[in-house]
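The values are calculated or read from the model by the stated rules, or taken from the named source; none is laboratory data. Since this is a predicted model, take the numbers as computed values, not measurements. Quick reminder, even Gly has a Cβ in these numbers, built from the backbone with ideal geometry, and neighbours come from all protein chains shown.
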Amino acid sequence: MSATYKAVQWTPAKIGYDAVTAFGVLGFVASYIAAGISAAPDAHPSEIQLAMRALGAAAFVLFTVILLIGPAARMSRRFLPLLYNRRHLGVTCFAVAATHAALSIVWYHGFAQINPLVSLLTANPRFDSITGFPFEFLGIGALAILFLMAATSHDFWNALLGPRLWKALHMAAYPAYALIVAHGLLGVTQSEPSPLHAAAFGAGAAIVAAAHLAAGLRERARDRIIAATTADGWLHVGAPELIPDKRARIVDTGAGARIAVFREGARITAISNRCRHQGGPLGEGRIIDGCVTCPWHGFQYRPEDGVSPPPYRERVATYPTKIVGGEVFVHPHPAPLGAVTAPSITGRS
Amino acid sequence: MNDDDFYVGWRPKAHAADRRFLLGAAIGLGVAALGAGAALGARGLAPGPGEWRQDDLHVYSGLLMQDPYLRLRFRDTSGDVRDALVVGYGKNALPVTAASPRAVTIRASAIERGRALMLAVPDPANIQDATGARMPATPAPQIVGETLLVGELVDAKCWYGAMRPGYGKPHKGCAALCIQGRLPIALCTSSACGDAEAVAPLLVDENGAPHGPRLAAFAADPIAVTGVLVRSGDLLSVRAAIGDIRRLG
């Protein structure tokens with residue numbers, strides 16, 4: 001949450017997260033280069049060429065990890081801490097991929113009388129061939145998307161663009177990943193005697209697809225109800241006891257919207273299930289210090305008016321609730337943004 | 001689920017369960033990163049046995065000739081006659097010609113791959129005319145026979161050891177630049193161009209002249225060449241018309 005914007009609001013958790021990321025990337029690259037040198041004891045492999053390959057492989061592996069964190073966090077809350085600072089991984093992935101690209105362009109397309117970028121774009125015109133395809137263009141496309149995402153990863157851009165546009169922009173991670181897989185399969189693996197690199201690209205893509213499919217299927221089967229509607233338009237949520245204390249039950253209106261109905265003691269409130277920040281599922285969060293807290297990045301909203309506590313200014317919709325016959329109901333039409341919606345009180349505390 | 005199970009990243013300290021999980025994840029990811037890097041790095045494209053000792057300049061005395069690329073015929077320290085292609089330091093041929101053989105001294109670094117030798121000259125001024133030295137005779141080309149060769153089109157400088165590896169699809173742009181820069185073109189005829197036993201005869205036209213930049217489009221591609229194999233001193237070349245060079249994939 002941001003009242004003012006800083007480049008990074010460092011916390012011990014973020015420092016640890018970035019330290020592990022740096023160790024992982026540098027360790028991967030170093031072990032890749034060391035293994036490449038060791039594997040050819042009678043030869044003199046170029047450390048620069050090994051480095052550019054290692055960086056390309058590191059970017060792919062890191063991107064795979066990034067895309068696995070989302071579904072993993074949907075499957076188990078234990079992975080939510082990895083989701084919290086995932087954008088740091090994204091920026092790191094761009095930096096690693098950009099270094100790979102820069103090294104490759106300088107090394108393979110430099111040291112000549114032609115501009116390296118001109119050489120890069122004109123050296124291979126075989127767009128009509130699969131095996132001969134200029135795989136560099138796929139890498140350029142992926143790098144451009146990674147840059148766009150890294151450059152707009154800060155919450156400043158989220159606030160400026162709005163959560164929907166920001167989210168749509170960052171969903172381009174999936175085409176970027178597909179481009180990287182194709183870049184690898186039509187590039188480096190075309191010359192490899194070992195199938196390991198091709199298998200790694202294929203396995204990475206398969207695991208990412210399978211994880212998203214599994215998370216999606218699990219999502220559909222979770223405790224989410226399309227509520228029955230009463231004659232006057234209210235949605236039936238159920239008995240208050242069905243809602244754990246300081247947590248929510250998510251109600252699907254059947255019209256594409258989801259409402260998180262929270263209970264804190266005897267107080268029943270309802271707010272949009274969609275976090276203003278990155279669209280996180282507020283109904284999977286909990287009430288902390290009297291505020292609904294998003295499980296993704298800890299954004300908070302007061303349940304009665306959907307407004308973040310001062311000095312923050314984010315707002316989400318609230319919905320009227322009522323209790324009739326010991327059952328909780330929520331109205332599918334939101335109150336005006338920022339308006340106080342009185343909580344319903346159950347018969348017990 | 002209780003409070004301890006809910007992670008909030010902006011809290012100053014994570015719960016014990018999260019700390020344990022994060023520590024395990026960090027160790028697991030670290031070990032996986034090291035293992036994956038080593039596994040992938042050990043199974044990359046073989047660099048080949050070539051080497052370029054770029055900062056180790058030596059003086060070579062011999063006959064400089066254009067046959068078809070710039071080459072030096074000289075006696076090595078053991079008295080054996082050697083033939084070495086002569087190139088510049090970048091991806092361009094030296095701006096030096098030798099229409100008829102002339103005695104020179106060259107200060108250059110060696111790019112060596114087994115018996116194959118190339119001399120890289122950092123500055124054309126490093127080539128000086130020489131007199132009085134006993135020079136080896138110019139070689140007479142020997143026709144080995146007609147041949148059909150299949151392999152990868154490479155630039156000889158990278159394949160000899162300027163790049164390691166200096167072949168394969170990722171190297172295509174570099175090979176194309178070298179070919180456009182009129183560096184020697186070769187055909188790696190081995191199924192594994194990184195092997196020590198791999199050979200790469202020079203590829204020239206049917207008259208023994210360089211094909212030049214028109215072969216840049218074939219760089220790093222698998223090709224089949226029908227031509228005549230010719231030996232001239234240490235240098236083996238295949239003479240083939242442009243129409244007898246066919247892309248395979």
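Before moving on, here are some points about what is shown:
- Pairs meeting the criteria (first residue in the stretch B:78-93 and away from every other protein chain (no Cβ under 14 Å), second residue basic (Lys, Arg), beta carbons under 7 Å, at least 6 apart or on different chains) are B:VAL81/B:ARG73; B:VAL81/B:ARG75; B:ASP83/B:ARG71; B:ASP83/B:ARG73; B:ALA84/B:ARG71; B:LEU85/B:ARG71; B:VAL86/B:ARG71.
- B:ARG53 vs. criteria surrounded by fewer than 21 Cβ atoms within 10 Å (Cβ to Cβ), of a type outside the set (Gly, Ala, Ser), within 14 Å of chain A (Cβ to nearest Cβ) and closer than 29 Å to B:ALA220 by Cα: yes
- Among residues of the stretch A:127-142 that are closer than 17 Å to A:ALA59 by Cβ, those with a Cβ under 8 angstrom from a residue that is among the charged types (D, E, K, R), sequence gap 6+ or separate chain, pair up as A:PHE135/B:LYS169.
To keep it simple, each residue is scored yes or no on (1) assigned by TED's automatic domain parsing to the domain that holds A:LEU62; (2) surrounded by fewer than 17 Cβ atoms within 10 Å (Cβ to Cβ).
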{"site": "A:ALA7", "(1), (2)": "no, yes"}
{"site": "A:TYR17", "(1), (2)": "yes, no"}
{"site": "A:ALA22", "(1), (2)": "yes, yes"}
{"site": "A:LEU26", "(1), (2)": "yes, yes"}
{"site": "A:VAL29", "(1), (2)": "yes, no"}
{"site": "A:TYR32", "(1), (2)": "yes, no"}
{"site": "A:ALA35", "(1), (2)": "yes, no"}
{"site": "A:ASP42", "(1), (2)": "yes, yes"}
{"site": "A:PRO45", "(1), (2)": "yes, no"}
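- When residues of the stretch B:125-148 are limited to those that are of a type outside the set (A, V, I, L, M) and in a strand (DSSP E or B), the one nearest to B:ILE245 (Cα to Cα): B:THR147
- Qualifying residue in the stretch A:51-74 (condition: in contact with a Gly (Cβ under 6 Å, 6 or more places away or on another chain), under 30 Å from B:ASP155 (Cβ atoms), within 8 Å of chain B (Cβ to nearest Cβ) and not charged (D, E, K, R)): no
- Residue match in the stretch A:11-21 (condition: more than 7 Å from chain B (Cβ to nearest Cβ) and among the polar types (S, T, N, Q)): yes
- Residue check, B:ALA32 more than 23 Å from the chain's Cα centre (by Cα) and facing chain A (nearest Cβ under 9 Å): yes
- Being in contact (Cβ under 8 Å) with a residue 12 or more places away in the chain and at the interface with chain A (Cβ under 8 Å from one of its Cβ atoms) is a property that holds for B:GLY48.
- Residue in the stretch B:29-50 that is at pLDDT 95 or above, assigned to a strand (DSSP E or B), surrounded by 19 or more Cβ atoms within 10 Å (Cβ to Cβ) and of a type outside the set (Asp, Glu) present: no
- Filter result for B:VAL199 (touching a strand residue (DSSP E or B) at 6+ places or on another chain (Cβ under 9 Å), assigned to a loop (DSSP other than H, G, I, E, B) and either within 14 Å of chain A (Cβ to nearest Cβ) or within 30 Å of A:GLY184 (Cα to Cα) (or both)): yes
- In summary, helices (runs of 4 or more DSSP H) completely within the stretch A:79-175 and bearing 2 or more residues that are within 14 Å of chain B (Cβ to nearest Cβ) and more than 30 Å from B:LEU248 (Cβ to Cβ) occur at A:80-84, A:86-109.
- Every residue from the stretch A:305-329 that is within 14 Å of chain B (Cβ to nearest Cβ) and either aromatic (Phe, Trp, Tyr) or touching an Asp or Glu at 6+ places or on another chain (Cβ under 7 Å) (or both): A:SER308, A:TYR312
- Among the residues of the stretch A:278-304, just one is farther than 17 Å from A:LEU82 by Cβ, away from every other protein chain (no Cβ under 11 Å) and in contact (Cβ under 8 Å) with a residue 60 or more places away in the chain, namely A:GLY279.
- Residue count for the stretch B:56-88 satisfying the condition of being of a type outside the set (A, V, I, L, M, F, W, C) and surrounded by 16 or more Cβ atoms within 10 Å (Cβ to Cβ): 13.
Okay, residues lined up against (1) on the phi > 0 side of the Ramachandran plot; (2) at the interface with chain A (Cβ under 7 Å from one of its Cβ atoms); (3) of a type outside the set (D, E, K, R); (4) in contact (Cβ under 8 Å) with a residue 12 or more places away in the chain:
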site	(1), (2), (3), (4)
B:VAL8	no, yes, yes, no
B:ARG19	no, no, no, no
B:GLY41	no, yes, yes, no
B:LEU63	no, no, yes, yes
B:PRO68	no, no, yes, yes
B:ARG73	no, no, no, yes
B:ALA99	no, no, yes, yes
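- The set of residues in the stretch B:98-124 that are in contact with a strand residue (DSSP E or B) (Cβ under 8 Å, 6 or more places away or on another chain), at pLDDT 95 or above, not β-branched (Val, Ile, Thr) and not in a strand (DSSP E or B) contains only B:PRO122.
- Test for B:THR226: is it free of Cβ contacts under 8 Å to residues at least 60 places away in the same chain, more than 28 Å from A:VAL106 (Cβ to Cβ) and over 12 Å from the mean Cα position of the chain (by Cα): no
- Those residues of the stretch A:104-115 which are under 23 Å from A:ALA57 (Cα atoms), without any contact (Cβ under 8 Å) to a residue 24 or more places away in the chain and over 33 Å from the mean Cα position of the chain (by Cα), in sequence order: A:TYR108, A:HIS109, A:GLY110
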